[in-house]
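Read through the structure below, which is laid out as C-alpha cells, and then see the notes.
The values are calculated or read from the model by the stated rules, or taken from the named source; none is laboratory data. Values in this document were obtained by computation on a predicted structure and should not be read as measured data. When we count neighbours, we look across all protein chains shown, and the Cβ atoms used for this are built from the backbone with ideal geometry, even at glycine.
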Amino acid sequence: MVLNMQGRTALVVGGGPAAADKAAYLADFGINPTVLVEPESAVAESLQALADSGQAELRREPYDPSHLDGHALVIIATGDRGRDRAIADDARDRGAIVNVVDDPEACDVFAVGYVRRGPVAVAVSTGGRSPAFTAALREHLDDMLGLEIEQHLDHYVRWRERVRRAVSGFGSREQLWRELRAAGLYKVLRRDGPEAAASLVDAAIARHQADRSDS
C-alpha cells in the first residue's frame, strides 16, 4: 500500500540518527516533516542539515501530547522503548498512523527500503523483521535498476492515455491490460524496443474495438 500524504503532515519525535533517517525518508517523497526534539537532547548533524535546507521543521520543545494534533503520520524514535510506546498511544488516540523505530509490534506501518528512479519507486520490506536484510535487498535493486526505467514509465503513460481514449469502460480497459501483461508487454519493451511494444498495444486495442463492434 502507498499512503497518500498530499495535504497532510507528519511528525517525527526524536533527534538522533534514526529520527534523522526517517525525516530524510519523508523529505525524499516531498513531505516536509516537523521534528520534535527535547531541548536537552542532541540533534544529529544530518537532521540539522535537513532543517537548515528547509526540508524539515525542527522544534526544540519538551514533548506534550498536543504536539501530535493534526498530524496524519507520527514516527517515534526517542530511543526509549517505554517512552516511544506511550507517545504511540497518544498518537493513536488522535487518529494518527504510527511508526515506532525498531519496535515492529508497536507499528501501524513500516518504513520500507526503496530505490528511486525519477517518479518510479521500487520498495522492499521484511515487515520490520530484519532492517539489515531490507537494506541488502535495496542495494541489490539499486544495482539492477537502470535509468531506462524512467523511459519505460513514459511509454506506459502514453499507452495508458491511448487505451483510455480508445476503449470505454473500466472493466474493458483492465481486461486489455491483463492481456498485455500475459503477452509479455514489458519484456517486449525491454528486449525489442518501444515500437514493437506499441504494436502489441495497438493490436490489443483493435481486438477490443472489434469485439465491441461485434457485440
Mind telling me which of the residues Ala166, Ala204, Ala198, Ala183 ends up being in contact (Cβ under 8 Å) with a residue 12 or more places away in the chain, in contact with an Asp or Glu (Cβ under 7 Å, 6 or more places away or on another chain) and not acidic (Asp, Glu)? Ala204
Flag for His140 being part of a helix (DSSP H, G or I) and surrounded by 14 or more Cβ atoms within 10 Å (Cβ to Cβ): no
Which residue pairs have Cβ atoms under 7 Å apart, sit 6 or more places apart or on different chains, and have a first residue in region 129-156 that is without any contact (Cβ under 8 Å) to a residue 60 or more places away in the chain and a second that is among the hydrophobic types (A, V, I, L, M, F, W, C) and in a helix (DSSP H, G or I)? His152/Leu189; His155/Leu189; His155/Ala197
Looking at region 1-102, what strands (runs of 3 or more DSSP E) fall wholly within it and have at least 2 residues that are over 21 Å from the mean Cα position of the chain (by Cα) and buried (at least 17 other Cβ atoms within 10 Å of the Cβ)? 34-37
Condition (residue is in contact (Cβ under 8 Å) with a residue 12 or more places away in the chain and under 30 Å from Asp211 (Cβ atoms)) applied to region 108-123: is it met by at least one residue? no
Test Arg212 against the criterion of being surrounded by fewer than 13 Cβ atoms within 10 Å (Cβ to Cβ) and charged (D, E, K, R), and give yes or no. yes
Which ones in region 50-96 are hydrophobic (A, V, I, L, M, F, W, C) and under 14 Å from Lys22 (Cα atoms)? Leu50, Ala51, Ala56, Leu58, Leu73, Val74, Ile75, Ile76, Ala77
Test of understanding: among Tyr63, Tyr25, which residue is touching a Lys or Arg at 6+ places or on another chain (Cβ under 9 Å) and aromatic (Phe, Trp, Tyr)? Tyr63
Mind checking whether some residue in region 113-131 is in a helix (DSSP H, G or I), more than 17 Å from the chain's Cα centre (by Cα) and farther than 30 Å from Asp202 by Cβ? no
Within region 9-26, which residues are within 17 Å of Arg83 (Cβ to Cβ) and touching a strand residue (DSSP E or B) at 6+ places or on another chain (Cβ under 8 Å)? Leu11, Val12, Val13, Gly14, Gly15, Ala19, Lys22
Of these, Leu153, Leu200, Leu176, which one is over 20 Å from Val120 (Cβ atoms), surrounded by 13 or more Cβ atoms within 10 Å (Cβ to Cβ), out of contact with any Leu (no Cβ under 9 Å at 6 or more places or on another chain) and at pLDDT 95 or above? Leu176
